Structures are given as structure tokens and as C-alpha cells.
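Before any comments, here is the structure.
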Amino acid sequence: MDPNSICRKTKRLAGKQAELCQTEPEIVQEVAKGARLGVRECQYQFRFRRWNCTSHSKYFGKILQQDIRETAFVYAITAAGVSHAVTQACSMGDLLQCGCEATRSRAPPLPPAIIGSE
């Protein structure tokens, strides 16, 4: 889907989110890809349930307005899909806005006093 049409259809964005939507179409495209990945994974995980994470807006929207475990799962799996898609695009060099390093560094080990204290 075209990032510009995504930004036009998404009316709830404000502030920095709306700005990002207008100025960073490459990131918006990866976010949309990640959201689709999350929905597909949700459908797979719920495939044998009465509610199978259908993406039909009539039902999907109603689920997201309720405080139930399915809502929490949809938000979590969608966030994971978005994180995965953006991270993968950064790692592959598809997003120039990323600050991915070529070398991986490890955090220094914690002193023994911190590890054993409570």
C-alpha cells in the first residue's frame, strides 16, 4: 500500500506520528508491512478459535475496542511485527534513517557486588 494513502486514511495520528507519516514514507511502508505480518501471525495463532483474528474491519475494530485478552494479543503481535519489519529493513540497509552499526559490541559485565545484591 502507498505510504501517502496510509497517512491520509489514518486520522488518529497527531504530533510526531503525523509528522513522521508525512516526512518518512519509507518507514511508513515498513510499519504497514509489519502490521500485515502481525495480522497474519495473529490469524495463524487463532486459526482454530471461534474468533480467528479476522481482519474484516467490522469485527476487527470491535475487538480492539474491548478490554479482553484477544485485544492485548493483537496489539502485542502487531507491535512485534512492526518492530521486526523496521529492524529487518534497517539491517538490510533499506532504511537510510537507521543508525545500525556494522559491528556488534557487548555491554561491559556488571560488578559482582551488583549481581549478588538485592
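The numbers here are math on the coordinates, done by the rules we state, and not lab data. Note that the structure is predicted; figures quoted are calculated from it, not measured.
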Inset, instruction - Using θ = phi - 60° and the Karplus relation 6.51 cos²θ - 1.76 cosθ + 1.60, list the HN-Hα couplings for segment 33-38 in order, rounded to whole Hz, with x at every Gly or Pro. - result: 4, x, 5, 5, 4, x
Legend entry - Computed over segment 17-92: relative contact order in percent, which uses C-alpha pairs under 8 Å that are six or more apart: 44
